Each structure stands twice: as C-alpha cells, then as structure tokens.
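Below is one structure, written out as structure tokens; comments come after it.
The values are calculated or read from the model by the stated rules, or taken from the named source; none is laboratory data. Given the structure is predicted, the values throughout are model-derived calculations rather than measurements. Positions of Cβ are generated from backbone atoms using ideal geometry, with glycine treated the same way; all protein chains shown enter the neighbour counts.
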Amino acid sequence: MYENIKKDIIESMKAHDTLKLQTLRGVKGSVDLEHINKKVEITDELVLDVLTREIKTRRESILEFEKGNRNDLIEKTNAEIEILTKYLPKQLDSSELNEIISEVFEKVKPTSAKDMGLIMKELTPLVKGKCDMKEVSLIIKDKLSNL
C-alpha cells in the first residue's frame, strides 16, 4: 500500500493533480510520522490505520463545514475522502457485515452490554478497514440491547 501511495504521488506530480498530490503527501507524512514515533515497521496494517484515521478526521470536518455553510470546503474534503478510499480494501456490504457480527456473537456468547469490549476485540481484526467502525458499534449495541 505504501509503495502504491508513493508511486501515485509521483504520478500526481506529473499530471499536475494538486489535490491528489497534497492528499497523498499528507497521508505519506502521517505514515512516516507513525513509523518514527512508534518505532514500528511500515506495513499495510499501519497504512490502513492511518488511512482510516485520515478519512474519519475528514468526515468530522465535513460536519463542521456544514455548520458553517462552507460548501467549497465540503466539496474539497469529499474529493479527498474519495481519493483516500481508493486505497482501502473492498468495503463490506451490510449483509456481509451482519453475518460476521453474528458469527462473533455465536463465538463470544454475550450476556449483556458489558460484553461489548469482548465482541469488539474479537470483531475488529475481521472488519478493520473494511467498514465504518462507528456503524459496527451501532449494530453491536442494537444487538446487545435485544438480548
């Protein structure tokens, strides 16, 4: 993933695509910073963590821009999100996600909402980067409330 991002940075420079170039340079910088600060190797998992965090930050920014009625910034941020999502693995649809959650529920056998942590611990490696974790959390909370 990291090599793809570096290659796409070069292509963006050649194509004079400033938005894509700035977005990818920001992600590469964040990955490099994580690599240095945490003293870990640059892996696809590290890149995935950074990408999901960057996308989440941009989605939160869009909410703030909507409050300020800044349509120009909303459009730019949506374009950045679109660029970044191309590097994420194939996203799970809701039926696939519900199936995985059901399997984890059968394995963990939760008895109350206090088991949320156990479920998330088991589920996160299976769906990380493949869906919105906020959505996952809502589905699990709903299932736990129906126990």
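Can you name every residue in the stretch 78-137 that is at pLDDT 80 or above, part of a loop (DSSP other than H, G, I, E, B) and among the acidic types (Asp, Glu)?
The answer is ASP93, and nothing else.
For TYR87, only one of the following conditions fails: (1) farther than 25 Å from GLY26 by Cβ; (2) touching a residue at least 40 places away in the same chain (Cβ under 8 Å). What is its number?
Of everything listed in (1) farther than 25 Å from GLY26 by Cβ; (2) touching a residue at least 40 places away in the same chain (Cβ under 8 Å), TYR87 misses just condition (1).
Of the conditions (1) surrounded by 15 or more Cβ atoms within 10 Å (Cβ to Cβ); (2) over 22 Å from LYS128 (Cα atoms); (3) in contact with a Leu (Cβ under 8 Å, 6 or more places away or on another chain), ARG70 clears all except one; give me its number.
Failing condition for ARG70: (3).
Residue under question is ILE42, and the condition is that it be farther than 14 Å from ILE81 by Cβ and not in a helix (DSSP H, G or I); does it hold?
yes
Among the numbered criteria (1) assigned by TED's automatic domain parsing to the domain that holds THR52; (2) over 27 Å from THR23 (Cα atoms); (3) not hydroxyl-bearing (Ser, Thr, Tyr), which single criterion is violated by LEU118?
(1)
If I ask for residues that are without any contact (Cβ under 8 Å) to a residue 60 or more places away in the chain and at positive phi, which ones from the stretch 90-145 would you list?
LYS109, the sole residue that qualifies.
Report yes if LYS38 is out of contact with any Phe, Trp or Tyr (no Cβ under 8 Å at 6 or more places or on another chain) and free of Cβ contacts under 8 Å to residues at least 40 places away in the same chain, otherwise no.
Judged against the criteria, LYS38 is a match.
Out of the residues in the stretch 23-39 meeting the condition of being surrounded by 14 or more Cβ atoms within 10 Å (Cβ to Cβ) and not β-branched (Val, Ile, Thr), tell me which one is nearest to TYR87 (Cα to Cα).
LEU24
Go over the candidates SER12, SER61 one by one and state the one that is part of a helix (DSSP H, G or I), among the hydroxyl-bearing types (Ser, Thr, Tyr), modelled with pLDDT of 90 or more and over 19 Å from the mean Cα position of the chain (by Cα).
The unique qualifying residue is SER12.
Which of the numbered conditions does ASP44 fail, given that it passes all the others? Conditions: (1) touching a helix residue (DSSP H, G or I) at 6+ places or on another chain (Cβ under 9 Å); (2) modelled with pLDDT of 90 or more; (3) more than 28 Å from LYS141 (Cα to Cα).
ASP44 satisfies all of (1) touching a helix residue (DSSP H, G or I) at 6+ places or on another chain (Cβ under 9 Å); (2) modelled with pLDDT of 90 or more; (3) more than 28 Å from LYS141 (Cα to Cα) except (2).
Going by the conditions given, is GLU54 of a type in the set (Asp, Glu), within 12 Å of the chain's Cα centre (by Cα) and at pLDDT 90 or above?
Criteria met by GLU54.
Give the residues of the stretch 22-41 that are within 23 Å of VAL127 (Cα to Cα), among the hydrophobic types (A, V, I, L, M, F, W, C) and at pLDDT 90 or above, sorted by residue number.
VAL27, VAL31
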